[in-house]
Amino acid sequence: MSRLSIELDYPSVHPSSADQSFQASALENDSQLGSGAAALTRCDWKRARLMDRLMGLILGACASVSVLVTAAIVWILFREAFHFFEHVSLREFLTSTEWTPLFANPRYGIAPLALATAVTTFLALLVAIPMGLVIAIYLSEYSGRRSREILKPTLELLSAVPTVVFGYFALLFVTPLLQRVYPSLGGFNMLSAGLVMGIMLIPYVSSLAEEAMHSVPMLLREGAYAVGANKLTTAVRVVIPAALSGIGAACVLAVSRAIGETMIVAIAAGMQPKFTANPAEGAATLTAYIVEVCLGDTPHGSIGYQSLFAAGATLFVMNLGFNMIAHYLRRRFREEY
Amino acid sequence: MNDLKRMIARRRRIDAIFRVAGILCAAVGILTISALLGFLVYKGVSHLTWSFLTAYPSRFASKSGLLPALVGSLLVMIVTAVLAVPLGIAAAVFLDEYAPKNRLSSFIELNIANLAGVPSIIYGLMALGICVYGFGLGRSILTAGITLALLVLPIIITATREALRSIPQELREASFAQGATRWQTVWYHLLPSSLSGIATGVIIALSRAIGETAPLITIGALSFIAFLPKSPLSAQPPYLSFEWLSSPFTVMPIQIFNWVSRPQSAFHEIAAAAAIVLIILTLGLNAIAMVLRARVRARMQW
């Protein structure tokens, strides 16, 4: 079914053998005009065919760069992580609650970094998903065309701001603001990093979810209106269930963004690994740890260098999982209508 | 009858409340962006002088300037664009116009979709392992350009594919009917017709690349640089020099990060000034892309 719909949308463009015979017969007509012209045309045509083949190979090589990049990422991450696990047992990595690879008495438990990543991600989602979905419902069901066309790009500006600037904003604007309410809040804390990250993620959720809801056929809504439902009931009972996989994909994509986000958490939540789930404290996430080590001078091949890749591989695996779920959900949502 | 009226009125009220909730949520987003811009201007605008843009960083905030970061960003962007634009367009043309719809091409597509979701810091780690240590390119402008080019490649590929798909099939068929090969069709018809769509994608990609910090920290961009890379133009033959490619560098986001991480508030203020410059560039590029996209949509009457 999916194959068919692809073919319908983008009919493939391959000059098949039928095209070639058509071109050949065109050439025969040429030869009746004069043998010189025909020779020239034939020569040109041969050159054009050769060029076509050549460009096909070159373009194919360019397209395969993406596969090479993926292979390079996987290879380098897991090679160095493998060296890391020659020194550190997997048991220590997974069960220890301390992460101090650069100390004299090093401990290698990934838990503090993973927990900080989970806390900041959770806080960000707590902001981004409800607000993003309410905005998506508003844009798709309530607002007029005009206000949608102004609101949507304006909100998307949020995702165009460089993350280092958001980090600055979180550290020097949001944290002092929160400290007025909670004076005990630390200078570095996961709360403000998570909140700002959540606001940054709003357009990711709202735009994708709105697209999914927008593609739900009008007929379904009209059916709901006809039996007396108001807009909210229609949205919640009809449109959202129909667009569920697209909305799910939007949310999962926000999760994968939040896990990989670096600068906001590195600046506003600090770079000290700490095993805590308290958002008022600062703690280094997986990404912030990588930044912290790279700022220092860690020699190539040392355990500190390898620990970068162990943290990176953990991040990559978590991220890949969520991306795969999002990809699967989006494919399903495309097939529905 | 009264019951029914009350029910209808209640539902209308719920609708109105939700409408307000939607507007409020959107307002939070817009307020945040306004607060951010206002805060930056409040902190930094007084430092935004000509001497700030043309001075080198210094131990003293009042004497510090953005020049090496500006030049570094420009040079890195040149390398990024030179690598990513041809590569991205070529890959998109291959996938849409050449590749048979088989397992291989859907594998490449899945790959690109996944690459688009890989965190940018992972690209930095890959570049650290492969470019810096594997190929021995060092912590140079070339390494930075390659890293960012690979990072934005999926954006350019996706935008180009969208532009190509919006061209109606009849154009291709007409070209084939004239005896043109696939490549001639691509070169003389499809690329010119999709040019503004591709340009939009390229601009978005560059605006993303210019604000990226994490992957460049990972490859070890220095944050204190008090010199400029060698000029690409020289007075003696051969007039062009590529020594700048292997030069150490800094870029604007890294300079901002460096200034933010210092304890003195004077440095926070010049960080705000640098952030204003960076934001003007990224939002400016985005605005150009938006205008271009609107014009493409208006003109598109296939």
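Under the condition of being within 18 Å of B:ALA90 (Cβ to Cβ) and facing chain A (nearest Cβ under 10 Å), which residue from the stretch B:173-195 is surrounded by the fewest Cβ atoms within 10 Å (Cβ to Cβ)?
B:TRP187
Go through A:LEU185, A:LEU102 for me and flag whichever is touching a helix residue (DSSP H, G or I) at 6+ places or on another chain (Cβ under 9 Å), of a type in the set (A, V, I, L, M) and not assigned by TED's automatic domain parsing to the domain that holds A:MET218. Break it down into steps so the answer makes sense when it comes.
Numbers: A:LEU185 fails: not assigned by TED's automatic domain parsing to the domain that holds A:MET218.
The conditions single out A:LEU102.
Quick check on A:THR95: is it under 19 Å from the mean Cα position of the chain (by Cα) and surrounded by fewer than 21 Cβ atoms within 10 Å (Cβ to Cβ)? Steps first, answer last, please.
Numbers: under 19 Å from the mean Cα position of the chain (by Cα): no; surrounded by fewer than 21 Cβ atoms within 10 Å (Cβ to Cβ): yes.
No: the conditions fail for A:THR95.
Does A:ALA269 fit the bill of being within 14 Å of chain B (Cβ to nearest Cβ) and surrounded by 24 or more Cβ atoms within 10 Å (Cβ to Cβ)?
Working: within 14 Å of chain B (Cβ to nearest Cβ): yes; surrounded by 24 or more Cβ atoms within 10 Å (Cβ to Cβ): yes.
When the stated conditions are applied, A:ALA269 passes them.
If I go through the stretch A:132-146 residue by residue, how many of them are part of a helix (DSSP H, G or I), without any contact (Cβ under 8 Å) to a residue 60 or more places away in the chain and facing chain B (nearest Cβ under 9 Å)?
First pass over the stretch A:132-146, keeping only residues part of a helix (DSSP H, G or I): A:132-142, A:145-146.
Okay, now just the ones that are also without any contact (Cβ under 8 Å) to a residue 60 or more places away in the chain, so A:134, A:138, A:145-146.
Among the residues that remain, those that are also facing chain B (nearest Cβ under 9 Å) are: A:134, A:138.
So the count comes out to 2.
Exactly one condition in (1) at pLDDT 90 or above; (2) more than 7 Å from chain B (Cβ to nearest Cβ); (3) out of contact with any Ser or Thr (no Cβ under 8 Å at 6 or more places or on another chain); (4) more than 30 Å from A:VAL216 (Cα to Cα) is not met by A:SER184; state its number.
(1)
Taking helices (runs of 4 or more DSSP H) that do not extend beyond the stretch A:173-267, which have at least 2 residues that are within 30 Å of B:ARG11 (Cα to Cα) and touching a residue at least 24 places away in the same chain (Cβ under 8 Å)?
On the way: elements: A:175-181, A:190-214, A:218-226, A:231-234, A:244-260.
Ranges flagged: A:190-214, A:231-234, A:244-260.
In the stretch A:279-303, which residues are within 24 Å of B:GLU212 (Cα to Cα) and not in a loop (DSSP other than H, G, I, E, B)?
Those that are within 24 Å of B:GLU212 (Cα to Cα) and not in a loop (DSSP other than H, G, I, E, B): A:LEU286, A:THR287, A:ALA288, A:TYR289, A:ILE290, A:VAL291, A:GLU292, A:VAL293, A:CYS294, A:LEU295.
Check A:SER35 against each of (1) of a type in the set (Gly, Ala, Ser); (2) exposed (fewer than 12 other Cβ atoms within 10 Å of the Cβ); (3) modelled with pLDDT under 50 and name the one condition it does not meet.
Failing condition for A:SER35: (3).
Tell me, yes or no, whether the stretch B:131-144 has at least one residue that is within 9 Å of another protein chain (Cβ to nearest Cβ) and surrounded by 21 or more Cβ atoms within 10 Å (Cβ to Cβ). Outline the logic, then answer.
To start, the set of residues in the stretch B:131-144 that are within 9 Å of another protein chain (Cβ to nearest Cβ) comprises B:132-134.
Subsequent filtering for residues that are surrounded by 21 or more Cβ atoms within 10 Å (Cβ to Cβ) retains none.
The answer is no, given that none of the residues of the stretch B:131-144 is within 9 Å of another protein chain (Cβ to nearest Cβ) and surrounded by 21 or more Cβ atoms within 10 Å (Cβ to Cβ).
Can you go through B:ALA69, B:ALA9 and tell me which one is in a helix (DSSP H, G or I), farther than 27 Å from B:THR282 by Cβ, more than 10 Å from chain A (Cβ to nearest Cβ) and hydrophobic (A, V, I, L, M, F, W, C)?
Numbers: B:ALA69 fails: farther than 27 Å from B:THR282 by Cβ.
Answer to the selection: B:ALA9.
Quick one: A:ALA104 ticks every box in (1) farther than 30 Å from A:ARG221 by Cβ; (2) assigned to a helix (DSSP H, G or I) except a single one, so which number is it?
That leaves (2) as the condition not met.
Consider only pairs whose beta carbons are under 7 Å apart and that are at least six residues apart or on different chains; among these, list those whose first residue lies in the stretch A:307-328 and is surrounded by fewer than 21 Cβ atoms within 10 Å (Cβ to Cβ) and whose second residue is outside any helix (DSSP H, G or I) and modelled with pLDDT under 90.
Sorted first by the residue in the stretch A:307-328, then by its partner, the pairs are A:THR314/A:ILE110.
The values are calculated or read from the model by the stated rules, or taken from the named source; none is laboratory data. Every value quoted in this text rests on a predicted model; they were computed, and no experiment measured them. Glycine also receives a Cβ, built like all others from the backbone with ideal geometry; neighbour counts cover every protein chain displayed.
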